Amino acid sequence: MHHFTYRDHQLYAEDVAVKDIAARVGTPVYVYSAATLRRHFRVFDEAFAGADHLICFAMKALSNLSILKLFGSMGSGFDIVSVGELMRCLRAGADPKKIVFSGVGKRDEEIAAALEAGILMFNVESRPELDRIAEVARQRKVKAPVSLRVNPDLDPGTHPHISTGHRTSKFGIPLSQVFQYYAQARALPDLELVGLSTHIGSQITDTGPFIEAGEKLAAIVRKLRSDGIALRYLDIGGGLGIPYQEEPPPPAEYAAAILKPLTGLGVKIIAEPGRVLVGNAGILVTRVLYVKETDVKRFIVVDGAMNDLIRPVLYEAYHAIWPVHKPAADRPSVIADVVGPVCESGDFFAQERELPQVQRDDLLAVMSAGAYGFVMASNYNSRARSPEVLVDGTRMHVIRERDSFEDLVRGEKLVELGS
C-alpha cells in the first residue's frame, strides 16, 4: 500500500500535488510519503507482536537522516554495514543499543567506532573477522558483543545479485563450520557471544525459504544451548519483497511462517526489513525531454537517468511508470522505451513498455523507487544527484537538496604539472 493517488487526473503524494513539487524543486526528484513509511513500519512491527522482538531497519535501502529519525521515533533499531551508516544513525538520534553492524569487510577503525558507540552487536562472517574484532576490543579494554552469521545454503528464488544465502555466496559461515566457529569464538576472552544471524537475500516473494532458514537456525540454537552456549538474540535478517510485479505475502503471513519454527527458543528475534518498509513509499519524478521515433523504435527521453535509479539495468528490475497527469481513458497508448540522457545503452527505466502518449514537459513518476534508489545514485557524467522530498500530509520538506556544481568538484584540486 502507498499514499500516491490520482485526484482530478493529477497525481498526489498524500495531500500535495506531485506537479507542484516538481515546479518547486525541479526534476528529477525523489518524493517520499511519511504516511506510507509510518504505516509500513507499524504493520511490520505488529506482525511480530506475539514475540519478543526488535525491528532494525536495513538502512542501506534508504539512509536519509529524516527517514532514519522517523523510524527511530517509532522505536526502530538499525542494521548498518559501514561506519558512515553508523554516523548517520547517531546523527539522527538513534539508540546505539538498537544498532546491529553487518557486512563481510569491517575495517579496524569501523569496529573501534562501533565499540565506542556501544552498539547492540556485530554480525560476524569469518574467522579473520572474529580475530580482528577481538583484537580491537582487547586494545580498547572492552568486550565486543558478537553474533555469528550462518549461511544456510538455500536458494531464495530471487535475482542472483541479491541472493545471499546460497553456498557459494561471500556471506556468512558455512553450516558445516558453525559449531567450530562458536567454539573458537568462545575461546576468545574479548568477545561476548550473544547471537546467531542469517540473511538469505532480498525481494523474496515466497515464505518457503524463510521457513527453511528458520528451521535450520532453530536447530543450531538448540545444539548450542546443549553445548553450554545460551544466546540472547536470533537475527533472522530481512528480504521480504514488495509488489513490483509479483505479489509477495503480507508481513503478518511472513512473520507467522518464520516464527513457527522458532517457538520456545527463549531468544529475542531481530528482524531487518529494508525494501518492504521504504520501497513503495518513494517515487522518482522525471520530465519528458523528447519523444524520438525511428523506423523500428519509439524512445521517450527523460531527464532522469541510470545515475538516479540504477535498478533497471543492474537488477533487470521492473518499475511501474505513471503519468503525473492522468490522461483521458480514450487517449491512445504507445509502446516505447523510457530512457535517460546518460551515454550508456543501459540507461533506461523501461523497455518495450505500453504507456500513454506523452509530449515534451510531461511528468512521469517511476513508482516503487524508495528502496535502493537514491542510496545507489551517483554523479556519473557529472550529473547532479537529485533532491529528496518528504511529504507529510499537506506539507512537503526538502530533506536533501540537489547537488550543486561545487558539490561535484568538492575535494578535487587543480595542480600545475611540468611540461
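The values are calculated or read from the model by the stated rules, or taken from the named source; none is laboratory data. These numbers come from a predicted model, not from an experiment. Every residue, glycine among them, receives a Cβ derived from its backbone with ideal geometry; neighbour counts consider all protein chains shown.
Per-residue answers, yes or no, for (1) hydroxyl-bearing (Ser, Thr, Tyr); (2) in contact with a helix residue (DSSP H, G or I) (Cβ under 9 Å, 6 or more places away or on another chain); (3) surrounded by fewer than 22 Cβ atoms within 10 Å (Cβ to Cβ):
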| position | (1), (2), (3) |
| --- | --- |
| LEU188 | no, yes, yes |
| VAL194 | no, no, yes |
| SER202 | yes, yes, no |
| ARG222 | no, no, yes |
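Out of curiosity, is ILE200 at pLDDT 85 or above and in contact with a His (Cβ under 9 Å, 6 or more places away or on another chain)?
Working: at pLDDT 85 or above: no; in contact with a His (Cβ under 9 Å, 6 or more places away or on another chain): yes.
Against the criterion (at pLDDT 85 or above and in contact with a His (Cβ under 9 Å, 6 or more places away or on another chain)), ILE200 does not qualify.
Rundown of residues vs (1) closer than 30 Å to ALA369 by Cβ; (2) assigned to a loop (DSSP other than H, G, I, E, B); (3) not assigned by TED's automatic domain parsing to the domain that holds PRO174, yes/no style:
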residue	(1), (2), (3)
ALA219	no, no, no
LEU224	no, no, no
GLY228	no, yes, no
ILE236	yes, no, no
ILE242	yes, yes, no
GLU246	yes, yes, no
TYR254	yes, no, no
Residue in the range 136-153 that is of a type outside the set (A, V, I, L, M, F, W, C) and part of a helix (DSSP H, G or I) present: yes
Elements of type strands (runs of 3 or more DSSP E) contained in the range 305-381, each with 1 or more residues being without any contact (Cβ under 8 Å) to a residue 24 or more places away in the chain and under 18 Å from GLY241 (Cα atoms): none
Residue that is surrounded by the most Cβ atoms within 10 Å (Cβ to Cβ), among those in the range 274-304 that are farther than 19 Å from PRO387 by Cβ and touching a helix residue (DSSP H, G or I) at 6+ places or on another chain (Cβ under 7 Å): LEU277
Complete set of residues in the range 11-48 that are more than 15 Å from ARG400 (Cα to Cα) and aromatic (Phe, Trp, Tyr): TYR12, PHE41, PHE44, PHE48
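Would you call ILE99 in the same structural domain as PRO209 (by TED's automatic domain parsing), over 26 Å from PHE210 (Cβ atoms), modelled with pLDDT of 90 or more and β-branched (Val, Ile, Thr)? Step through it out loud before you land on a result.
Numbers: in the same structural domain as PRO209 (by TED's automatic domain parsing): yes; over 26 Å from PHE210 (Cβ atoms): no; modelled with pLDDT of 90 or more: yes; β-branched (Val, Ile, Thr): yes.
No, not satisfied.
A quick yes/no check of all residues on (1) crowded, with 22+ Cβ neighbours inside 10 Å; (2) not assigned by TED's automatic domain parsing to the domain that holds SER404:
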site	(1), (2)
TYR12	no, no
ALA17	no, no
ALA23	no, no
HIS40	yes, yes
GLY50	no, yes
MET59	yes, yes
LEU62	yes, yes
LEU68	yes, yes
Matching entry among ALA35, ALA94 (being part of a loop (DSSP other than H, G, I, E, B) and among the hydrophobic types (A, V, I, L, M, F, W, C)): ALA94
Boolean, LEU86 is surrounded by fewer than 18 Cβ atoms within 10 Å (Cβ to Cβ), of a type outside the set (Lys, Arg) and at pLDDT 95 or above: no
Qualifying residues in the range 382-419 (those that are of a type in the set (Val, Ile, Thr) and part of a loop (DSSP other than H, G, I, E, B)) - the one farthest from the chain's Cα centre (by Cα): VAL415
